[in-house]
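The values are calculated or read from the model by the stated rules, or taken from the named source; none is laboratory data. Owing to the predicted nature of the structure, the values given are computational and were not obtained by experimental measurement. Glycine gets a Cβ as well: all are built from the backbone with ideal geometry, and neighbour counts include every protein chain shown.
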Amino acid sequence: MSAEIEAPTTAGTKPGRKPDPMTPLDELVARYADLPDKSFRYCPGCGLGMAQSALMRAFHRLQLDINQVASAGGSGCYSIMAHYFQSSHVHGSHGRGCAVATGMKLARPELTVLTLQGDGDLLAIGGNHFIHAARRNIDITVICFNNFGFGDTGGQLAPTTPRGSLTKTSPFGMPEEAFDPCKLAIGAGASFVARSTVAHPVHLTKTLAEAIAWKGFAFVEVLQHCHVLWGRRNGMPEAMDMLNFYREKSAFNSADIPPDERFGSAVYEPDGDQDISFVLGVLHKQERPELTEELAKMRQRVMAAGADGDGA
Amino acid sequence: MEVMQARYGPNGECPAVAISPSTVEEAFWLTVKAVNLSETLRTVVIVLSEGLLGLQRAVVDVPDDYSTIELEERPRPTMAPTEYNGAYIANQLTDVPPIADFGSGYKSIINTVGIQPPGGGDGSIHGLRLDNQEFTIRRLHEKILSRQDEIIMTERHQVEDAEVIYVAFGTQAQSALAAMQQARARGIKAGVLRLITIWPFPEEVVRECCANVRAVVVPEMNLGQVRLLVVNALTDSEAAVVGVNHVDSTFIEPGEILAKTEEVLQ
């Protein structure tokens, strides 16, 4: 629990000021959110609302100007979240969040650029954009809401669905191995990789703030329950069942956990084999040259060499 | 050349602007034109090139200083940020709504998928409604169609007295021009209508030039996609519309166009 209540020491926070993590939600909503007139489009109990609140608190910790934040995403349940912020957003085609965000950051390096994406969106159809954005180490923050499946389209299996678990398109159990998104991100060259869950809101807030403040490609996997489509088929029909599940199966990253045990391909048969656990926290951090800065340097060099120079 | 895919490729009913260069140098300038059109119209503009052009090497005349190239700007909002209701608000079907730069204090949600943004009628509509969808899709068409005069580019070569006209685009326009000269040398009054803009299709121009000729020959690198559009434009004309078609990635020779001309005029 100590990791959860630890005061944040995130770069970007104004010196001498530690924003209270318990700032009233109304105040945060007024500063960052643009809520709908009628009802939210999240299902009752959905983890996305909790994730959004953590994201607002992360903005607050960093004292970000919401007008200088821009986000991109593809398609999924999470898509509507960006509409509920005051920041600008590109609702791109399915899976293209990282590609759009790369363009946004290249065009406007001064903006804080995020992608809000789902696991199916980011890791299936958008997998290629994801690994190349990570490889380039462009200064964007990719937030992956992992709910173990394609929620928006009705609960089909995704690359993150634990092997053995039941979904609409795997009624006899998911036959494939699942990705560990964090392991994939590290393999692709992401310079900051972390994992948290909506059942650990303070930890999630701190992790998101650290990722957004990171100079370079930052990836955060947010385990966000879908009790409606995944939980219900796998013995956890209520939102609280899944929140408890995340709390039981999670451990905070520490030196005691050997590096190869921080990642894994989840197995979850509702009445059979289960091998599922989540190591939360920052799993990888390594400073590398950042793309927009490198391009700025290159531009300077080429312009200095003159129109006829090759800049070499 | 996938003429139809350029127009009908996207899902949803959405219009297209496509322009087709016929030389390497023109590819440069038409790309500038395409960028300007896409900015002012807020739409995707396709530079519809082809393998035969892409594989060419040529000496071209482009500016030493690219900053001399004139670039046009997209419409940006002039109202206060609190009154800006999104990047799709329009009052007329022909409007190109203003779009704010990210980070400029205005909130813009850019949609590329099926969730229709607010954008209909009085500009005060907020929410996802079917009448927005109807309005927005009709507006996407009208903003292009109502500006056809600015978008459509064609080139006419000796069409005034022509009895046969070659309607050509892309690299095949070069063959058509050579065929025209060879035909004239043989006493056949040939002309060329070069289509630079393919979409929206210059139907009026085709009708104006070709309605009273004996024959129209359409050389193209497919099995007759533009020929269909020409036939459609000339339904009230007695001109015979024939194609010369290659699908083997080789140039259509001027001689082939000439042979087809002589065949159709007999």
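Say we look at region A:53-80 and pick out the residues that are polar (S, T, N, Q) and crowded, with 23+ Cβ neighbours inside 10 Å; which of these is farthest from the chain's Cα centre (by Cα)? Before the answer, list the steps.
Just the residues of region A:53-80 that are polar (S, T, N, Q), to begin with: A:53, A:63, A:67-68, A:71, A:75, A:79.
Filter once more, so that each one left must be crowded, with 23+ Cβ neighbours inside 10 Å: A:71, A:75, A:79.
Details: A:Ser71: 12, A:Ser75: 15, A:Ser79: 13 Å.
Only one residue tops the list, namely A:Ser75.
Using the structure shown, decide if A:Glu290 is of a type in the set (Asp, Glu), at pLDDT 95 or above and out of contact with any His (no Cβ under 6 Å at 6 or more places or on another chain).
yes
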Notebook entry, point to check: Do we have B:Ala58 as away from chain A (no Cβ under 14 Å), crowded, with 18+ Cβ neighbours inside 10 Å and touching a Ser or Thr at 6+ places or on another chain (Cβ under 9 Å) here?
Noted result: no
Checklist line | Yes/no for B:Phe169 being aromatic (Phe, Trp, Tyr) and buried (at least 22 other Cβ atoms within 10 Å of the Cβ) | finding: yes
Next item on the list: Only residues in region A:82-98 that are more than 7 Å from chain B (Cβ to nearest Cβ) and surrounded by fewer than 24 Cβ atoms within 10 Å (Cβ to Cβ) count as the first member; pair them with residues that are among the aliphatic types (A, V, I, L, M) and part of a loop (DSSP other than H, G, I, E, B), Cβ under 9 angstrom, at least 6 apart or cross-chain, and list the lot.
Entry: A:Tyr84/A:Leu35; A:His94/B:Val113
Note to self: Quick check on this structure: which one of B:Ile115, B:Ile144, B:Ile110 is modelled with pLDDT under 70 and either surrounded by 15 or more Cβ atoms within 10 Å (Cβ to Cβ) or in contact with a helix residue (DSSP H, G or I) (Cβ under 9 Å, 6 or more places away or on another chain) (or both)?
What the structure shows: B:Ile115
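Looking at region B:210-266, which of its residues are among the charged types (D, E, K, R) and within 24 Å of the chain's Cα centre (by Cα)?
Taking region B:210-266 as the starting set, the residues that turn out to be among the charged types (D, E, K, R) are B:214, B:220, B:227, B:236, B:238, B:248, B:253, B:256, B:260, B:262-263.
Across region B:210-266, the qualifying residues are B:Glu220, B:Arg227, B:Asp236.
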Next item on the list: Looking for whichever is over 26 Å from A:Thr141 (Cα atoms) and in contact with a strand residue (DSSP E or B) (Cβ under 9 Å, 6 or more places away or on another chain) here; the options are A:Gln224, A:Gln286, A:Gln274. Which one fits?
Entry: A:Gln274
Note to self: Take B:Leu177 and tell me if it is within 27 Å of B:Val32 (Cα to Cα), modelled with pLDDT under 95 and surrounded by 15 or more Cβ atoms within 10 Å (Cβ to Cβ).
What the structure shows: no
Check: From A:Gln68, A:Gln117, which residue is of a type outside the set (D, E, K, R), facing chain B (nearest Cβ under 7 Å) and touching a residue at least 12 places away in the same chain (Cβ under 8 Å)?
Finding: A:Gln68
